[in-house]
Amino acid sequence: MLLLAGGRIVTPGGVLSPGWIGLAGPLIDAVGSGDAPEQPAVDLRGQWVLPGFVDMHAHGGGGTSFTEGTEDDARAAAAFHRARGSTSMLASLVTAPLAELEARAAMLAGLAGDGTVAGLHLEGPFLSPARRGAQDPRHMLAPDVAVFERLHAAARGHLRVITLAPELPGAARVIEAATRAGVTVAVGHTDATADLTLAAIDAGATHATHLFNGMRPLHHREPGAVGALLDRDEVTCEVIADGVHLSDIAVRLAARVKGSGRLVLVSDAMAAAGMPDGSYRLGSMRVTVAGGVARLLEDPADPGRAGGPGQAGPGAIAGSTATLAGVVRHAIAAGLPVPDVAAAASTTPARVLGLAGRTGALSPGLAADLVVCDDDFRPRAVMRQGEWLPGSADTLGKP
Ligand SMILES: [Zn+2]
């Protein structure tokens with residue numbers, strides 16, 4: 001048994017300080033508090049150990065993306081996030097012409113088949129142009145079961161999540177078809193009222209795509225999608241807690257309302273994550289990154305419109321340049337308790353994706369997926385299925 005010991009180990013039952021983790025091949029064999037039962041192989045004093053992050057909403061990173069480019073580009077994007085702590089992730093697509101979405105779903109299904117990603121997330125094409133954010137309104141479609149079936153077939157069983165706007169005609173039938181197929185339906189990029197959102201939840205929607213962003217805001221007489229998604233206990237809510245997409249107050253309120261177990265931290269990263277400012281793409285849309293904030297350069301539906309930091313069209317925030325590790329660090333700095341952050345970054349998304357029996361917590365029997373962080377929650381080493389990722393192990397103290 002390989003022993004890692006001496007650090008603060010974040011488990012579902014609380015923080016073991018100090019604690020130890022025993023590994024058996026790719027799995028966690030045992031976890032305990034206090035001194036290690038034998039001489040540890042790795043001394044973790046002064047470090048935190050979090051479960052490997054599970055990012056269920058990411059479009060790219062490190063200069064490449066899932067939404068365009070080659071299969072090698074997609075693998076590079078996954079490797080970028082993996083090396084920064086996201087030991088499981090979905091590949092998220094944005095709205096695009098149907099044939100292109102089918103082709104990309106088919107290509108990414110190969111990456112899901114070999115374990116590079118944990119599956120696919122379709123953010124579109126059944127979205128509301130009124131809340132399009134950086135999504136291309138030219139390719140948005142009314143919800144259609146036949147179109148869903150085509151995309152589902154292209155993904156060969158690896159489609160895990162579809163984001164849709166429930167106020168669009170035909171949405172209820174797609175929600176039911178997706179739910180029957182075992183695909184999580186997420187409400188997002190929507191102008192739905194609270195009542196329409198509640199109806200979608202009754203029809204089977206169980207998740208919110210980046211709560212607050214790309215949806216009708218909460219008004220005290222018309223609480224909108226935000227109010228309904230917060231109100232219903234069975235709904236898990238994503239937040240992009242990167243300090244750009246949301247006020248920390250909004251993050252804390254969502255965390256308090258949903259409680260531990262129903263909040264999900266996501267990166268919503270695009271290609272520019274981890275890269276310098278400059279020009280990038282998010283699907284068909286041109287994006288400019290300045291000061292680490294990605295914004296839409298122009299609106300193809302309204303090419304003459306001047307830019308500005310609106311919620312749609314030019315100036316709209318176009319995905320993030322964050323990693324989930326950065327979001328975790330920000331959420332902790334915003335005041336969320338470390339165990340709740342670990343739940344929101346790992347345990348809960350793993351459960352949403354049906355992976356709870358395999359990963360998402362530092363518990364015996366699960367994969368040895370973990371992130372060693374310094375006192376400031378910067379990742380120093382990442383282990384996936386019992387193997388240190390390149391560059392990890394030599395940065396850790398040997399006893
Ligand atoms: Zn997204």
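The values are calculated or read from the model by the stated rules, or taken from the named source; none is laboratory data. What you see is a predicted model, and the numbers here were worked out from it, not measured in a lab. Methodologically, a virtual Cβ is constructed for each residue, glycine included, from the backbone with ideal geometry; neighbour enumeration extends over all protein chains shown.
Quick notes
- Condition broken by R380, with the remaining ones in (1) over 18 Å from A79 (Cα atoms); (2) touching a strand residue (DSSP E or B) at 6+ places or on another chain (Cβ under 8 Å) satisfied: (1)
- Filtered by the rule that a residue be touching a Lys or Arg at 6+ places or on another chain (Cβ under 6 Å) and among the small types (G, A, S), the range 1-58 gives G6, S17.
- Test: residue in the range 243-261 that is within 13 Å of the ligand (Cβ to nearest atom), modelled with pLDDT of 90 or more and either at positive phi or not in a loop (DSSP other than H, G, I, E, B) (or both): no
- Which listed residue, of A106, A118, A112, is closer than 19 Å to M89 by Cα, surrounded by fewer than 24 Cβ atoms within 10 Å (Cβ to Cβ) and in contact with a strand residue (DSSP E or B) (Cβ under 6 Å, 6 or more places away or on another chain): A112
- Counting only strands (runs of 3 or more DSSP E) that sit wholly inside the range 16-121, those with at least 1 residues that are within 16 Å of the ligand (Cβ to nearest atom) are 88-94.
- The single residue among Q39, Q47 that is more than 30 Å from P276 (Cβ to Cβ) and either at pLDDT 95 or above or polar (S, T, N, Q) (or both) turns out to be Q39.
- If only residues of the range 263-280 that are in a loop (DSSP other than H, G, I, E, B) and on the phi > 0 side of the Ramachandran plot are counted, the one that is surrounded by the fewest Cβ atoms within 10 Å (Cβ to Cβ) is G274.
- Within the range 188-224, considering residues that are away from the ligand (no atom under 16 Å from the Cβ) and within 18 Å of H121 (Cβ to Cβ), the one surrounded by the most Cβ atoms within 10 Å (Cβ to Cβ): A205
- Positions within the range 194-211 being assigned to a loop (DSSP other than H, G, I, E, B), without any contact (Cβ under 8 Å) to a residue 60 or more places away in the chain and under 15 Å from the mean Cα position of the chain (by Cα), in sequence order: L211
- The residues of the range 103-147 that are at pLDDT 95 or above, more than 15 Å from A181 (Cβ to Cβ) and among the acidic types (D, E), listed by number, are D114, E123.
- Those residues of the range 337-360 which are assigned to a loop (DSSP other than H, G, I, E, B) and buried (at least 24 other Cβ atoms within 10 Å of the Cβ), in sequence order: T359, G360
- Meets criteria (away from the ligand (no atom under 16 Å from the Cβ), under 24 Å from S88 (Cβ atoms) and in a loop (DSSP other than H, G, I, E, B)) for R156: yes
- Subset of the range 122-145 [within 16 Å of the ligand (Cβ to nearest atom), hydrophobic (A, V, I, L, M, F, W, C) and either surrounded by 23 or more Cβ atoms within 10 Å (Cβ to Cβ) or assigned to a helix (DSSP H, G or I) (or both)]: L122, F126, L127, A134
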